[in-house]
């Protein structure tokens, strides 16, 4: 019985560790997406302004 509980505990710890890594990956992906959207907005504004500003 003790061995079975130890095995279950180890499996739960592995699942929790994988979940933490996955959620960290999701946060990193969202951060990159937000940065890309910000740069995209800057480029669109520059193109809309006729190339004035930093992209002239």
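Just so you know, all these numbers are worked out from the coordinates, no wet-lab data involved. Because the structure is a prediction, the values reported are computed rather than measured.
Extension gain for residue 29-residue 16 works out to 2.7 nm (0.36 nm per residue, less the C-alpha to C-alpha distance).
Apply the a/c threshold of 1.5 to the C-alpha gyration tensor of the range 2-55 and tell me whether it is rounded, prolate or oblate. Prolate, since a/c reaches 1.5 and a/b exceeds b/c.
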